[in-house]
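The values are calculated or read from the model by the stated rules, or taken from the named source; none is laboratory data. Remember, predicted model here, so these are calculated numbers, not experimental data. Glycine also receives a Cβ, built like all others from the backbone with ideal geometry; neighbour counts cover every protein chain displayed. Remember, those area values only see protein heavy atoms, side chains included, never the ligands or the DNA or RNA. Shrake-Rupley method; radii C 1.70, N 1.55, O 1.52, S 1.80 Å.
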Amino acid sequence: MKKIINQPQNVVPEMVQGFTLAHHETLEQVPETFVVKQKKLASQVSLLSGGGSGHEPAHAGFVGAGMLQAAVCGQVFTSPTPDQILEGIKAVDQGQGVLLVVKNYSGDIMNFDMAKDLAEMEDIKVGTVVVDDDIAVENSTYTQGKRGVAGTIFVHKILGAAARKGATVEELVTLGEKVVANLKTIGVALTGATVPEVGKPGFVLADDEIEFGVGIHGEPGYKREKIKPSKEMAEELISKLKAGFHWEKGERYAVLVNGLGGTPLMEQYIFYNDAVNLLKAEGIEIAFSKVGNLMTSLEMAGISLTLLKVEADWVDALNEPVEAPAW
């Protein structure tokens, strides 16, 4: 294992300290927690997300005016504990309530629900939006139903814009559920990822192998094949998305090509070019595009492709300037 770390057990605290030092003008760490929050909070419903570390820049990188008010960092690939989530809720509540954006993993669902119950006992209004955009497999290693992956960032962005405009907790839950219903993601891995305290990859692919549908914690995908050109990978992923959406010519979609940590931007843009050309051949209009490492899996090589069938105001929300460092 080759990593630029000190002691494996100190990866998360040292990462959080480094992150908040790097962005100290606008962000801070809630004392005695792994919660990263905005220093100056607007009077609005606050958005809080989080999950296991190892997916950087998610989720702390999306804390900033116009997106999240706070993110809770768990241990690597492990849900944050209810007490940490509760402290995050309390730290950002401005009296109008808090919305939790939660990826669909069993540990996250359980711990965020427990924190929500505890916060409501302290008279804090809390709503929850669960993101389950991964269409590769259902009932995988850590989840019941579909997994939550990179499409979560689109949820942060659209709901962040709505919250900044004064939407209530109830309105944000309704909007979030509508966005999630129109959101689908699928990925392909070229290598596994190594959790620092484990010291070896979660799975191993031969030099000439790829695996379609691998999860962001290294959960199994749906098939392994020999390495193939980018265009053929794009054809595979888009065929799955087409079957999921049942799209028609003229529909408008936002596109996210997300790097999983170990794939250069050069290759991500090659894949984006292939994917968008295939979508245009299907008669799909590209209303918004994003390419980059937004929700990674440590050093895993690979990409995921997210499509969101958009409404006009969602495109406006995706294009709004924000202060989150990773957007």
The residue that is most open to solvent (accessible area, probe 1.4 Å), considering only those in region 224-265 that are among the polar types (S, T, N, Q) and within 17 Å of Ala136 (Cα to Cα), is Ser239
Across (1) under 26 Å from Ser239 (Cβ atoms); (2) over 15 Å from the mean Cα position of the chain (by Cα), Lys184 clears everything bar (2)
In region 222-256, anything under 23 Å from Val291 (Cα atoms) and charged (D, E, K, R) is listed as Lys228, Lys231, Glu232, Glu235, Glu236, Lys240, Lys242, Glu251, Arg252
State whether one or more residues within region 48-61 are open to solvent by 10 Å² or more (accessible area, probe 1.4 Å), in contact (Cβ under 8 Å) with a residue 24 or more places away in the chain, outside any loop (DSSP other than H, G, I, E, B) and charged (D, E, K, R). no
Filtering region 144-161 for residues that are of a type in the set (S, T, N, Q) and within 19 Å of Val63 (Cα to Cα) leaves a count of 1
> Scanning for something over 17 Å from the mean Cα position of the chain (by Cα), surrounded by fewer than 17 Cβ atoms within 10 Å (Cβ to Cβ) and basic (Lys, Arg), does region 147-166 turn up at least one residue?
Replying inline: yes
Across (1) closer than 21 Å to Leu175 by Cβ; (2) out of contact with any Gly (no Cβ under 6 Å at 6 or more places or on another chain); (3) open to solvent by 40 Å² or more (accessible area, probe 1.4 Å), Asp132 clears everything bar (2)
Contact list, first residue from region 106-117 and closer than 11 Å to Thr128 by Cα, second anywhere and β-branched (Val, Ile, Thr) and open to solvent by 30 Å² or more (accessible area, probe 1.4 Å), beta-carbon distance below 8 Å, six or more apart or interchain, is Ile109/Val130; Phe112/Thr128; Asp113/Thr128; Lys116/Thr128
The lone condition Gly221 fails out of (1) among the small types (Gly, Ala, Ser); (2) open to solvent by less than 60 Å² (accessible area, probe 1.4 Å); (3) modelled with pLDDT of 95 or more is (3)
If we ask which residues in region 231-281 are farther than 26 Å from Asn319 by Cβ and over 23 Å from the mean Cα position of the chain (by Cα), their number turns out to be 4
Taking first residues from region 4-15 that are part of a helix (DSSP H, G or I) and second residues anywhere that are among the small types (Gly, Ala, Ser) and at pLDDT below 95, the pairs with Cβ under 8 Å that are 6 or more apart or on different chains are Pro8/Gly199
Here, strands (runs of 3 or more DSSP E) confined to region 181-281 with at least 2 residues that are within 30 Å of Glu14 (Cα to Cα) are 183-189, 252-259
Scanning region 302-325 residue by residue, the ones that are within 15 Å of the chain's Cα centre (by Cα) and among the β-branched types (Val, Ile, Thr) total 2
Would you call Val129 assigned to a strand (DSSP E or B), over 30 Å from Phe203 (Cα atoms) and not charged (D, E, K, R)?
yes
Considering region 62-88, residues that are touching a His at 6+ places or on another chain (Cβ under 7 Å) and in a loop (DSSP other than H, G, I, E, B), and then whichever is least open to solvent (accessible area, probe 1.4 Å), we arrive at Met67
Of Val173, Val198, Val180, the only residue that is modelled with pLDDT under 95 and of a type in the set (Val, Ile, Thr) is Val198
Requested in this report: Determine whether region 1-22 contains at least one residue that is exposed (fewer than 15 other Cβ atoms within 10 Å of the Cβ), touching a Ser or Thr at 6+ places or on another chain (Cβ under 9 Å) and among the aliphatic types (A, V, I, L, M).
Outcome: yes
Going through region 36-47 in order, the residues found to be part of a loop (DSSP other than H, G, I, E, B) and open to solvent by less than 10 Å² (accessible area, probe 1.4 Å) are Val45
- prompt: Going by the conditions given, is Ile284 among the hydrophobic types (A, V, I, L, M, F, W, C), over 23 Å from Trp314 (Cβ atoms) and either open to solvent by less than 20 Å² (accessible area, probe 1.4 Å) or touching a helix residue (DSSP H, G or I) at 6+ places or on another chain (Cβ under 6 Å) (or both)?
  reply: no
